[in-house]
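A short write-up of the structure that comes next.
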Amino acid sequence: MSNSSGRLIVVSGPTAAGKSTLWRRLVTFPGVRFSVSATTRPPRAGEVDGRDYHFVSAERFATMIDGGELLEHALVHGRHYGTPRRAVEENLAAGFDVVLEIDVQGATQLQDCSLPMVSVFVAPPSIDVLRERLGRRGTEDPVEMERRLSVVAKEMEHARHYHHVVINDDLERMVAEVVQLLGLQTAVEEEE
Ligand code: 5GP
């Protein structure tokens with residue numbers, strides 16, 4: 001963390017491309033915080049309200065939009081998702097980089113915002129690899145899985161609008177690449 005204001009680190013990519021593993025690793029660096037989104041999607045097994053998402057009703061989500069509480073928001077896979085503005089602004093002002101794991105529509109909305117931002121698109125090596133990963137993850141039923149896969153080609157078209165595109169052919173290699181691209185330093189490196 002520095003005394004200057006932090007950056008938005010926007011991470012997007014198709015379903016099961018490795019985005020959540022990436023952000024979980026990024027927030028282990030000092031000075032990096034995660035933006036917990038609001039969503040109307042029900043929690044998955046193991047997800048914790050306030051840590052993974054703020055799970056809210058459709059009514060509450062609408063109130064958040066009307067009250068200008070969201071930095072961006074989008075309808076993804078039939079559910080609403082949005083970035084609470086206040087937490088992001090407070091963390092940026094405190095000098096933290098803030099990771100937003102959001103879809104391509106949300107990232108597009110942020111392109112014109114005045115906040116300092118660096119965007120990373122995580123791409124899978126192939127659609128077959130993605131299908132296999134999604135199947136192995138087992139968090140979606142077959143219908144939901146096909147629905148998610150059907151939008152991948154469209155999502156991939158947005159990759160060129162991002163500052164960086166990384167291929168998740170190997171998780172450790174991909175994470176290391178992003179850490180380097182973002183110039184993140186461990187606590188030990190910061191002290192040196
Ligand atoms: P999941 O339901 O798998 O957690 O997320 C589905 C999609 O919603 C992912 O592409 C994820 O990046 C996106 N998403 C999560 N939070 C937000 C958000 O706050 N805003 C937007 N625009 N997309 C989000």
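The values are calculated or read from the model by the stated rules, or taken from the named source; none is laboratory data. These numbers come from a predicted model, not from an experiment. Neighbour counts run over all protein chains shown; Cβ positions are idealised from the backbone, glycine included. Surface areas here come from the heavy atoms of the whole protein model, side chains and all, with no ligands, DNA or RNA. Shrake-Rupley method; radii C 1.70, N 1.55, O 1.52, S 1.80 Å.
If I compute solvent accessible area with a 1.4 Å probe over the protein chains, what percent of it on the chain is carbon and sulfur? Spell out each step's value before the answer.
On the way: 5210 of 10050 Å².
That fraction is 52 percent.
Quick one: among 45, 107, 153, which has the greatest mean-square fluctuation in a GNM of the chain with alpha-carbon springs under 10 angstrom?
Residue with maximal mean-square fluctuation among 45, 107, 153: 45.
At 7 Å along Cα-to-Cβ for each site, give me the label-to-label distance between residue 58 and residue 113 in nm.
About 2.6 nm, to one decimal.
What is the spread of the Cα atoms of segment 59-120 along each of their three principal axes, largest first, in whole Å?
That works out to 33, 24, 17 Å along the principal axes.
Give me the three principal axis extents of the chain from the C-alpha atoms, as integers in angstrom, largest value leading.
Between the extreme Cα coordinates on each principal axis of the chain lie 50, 41, 32 Å.
I'd like to check one number: the per residue accessible area of the chain, probe 1.4 Å, reported in Å² as a whole number.
Averaged over the residues of the chain, the accessible area is 52 Å².
Tell me which residues come under 5 Å, amide H to amide H, from residue 10 once H is placed; ignore anything under 5 positions away on its chain.
100, 118, 119, 120
With n ≥ 4 as the cut-off for DSSP H runs, can you work out [θ] at 222 nm for the chain, using -39500 (n - 2.57) per run divided by the number of residues, rounded to the nearest 500?
-11000 deg cm²/dmol
Tell me, what HN-Hα J-couplings in whole Hz come from the Karplus equation 6.51 cos²θ - 1.76 cosθ + 1.60 at θ = phi - 60° for each residue of segment 130-141, using x for Gly and Pro?
Listing the rounded values in order: 5, 4, 5, 5, 5, x, 5, 5, x, 8, 10, 6 Hz.
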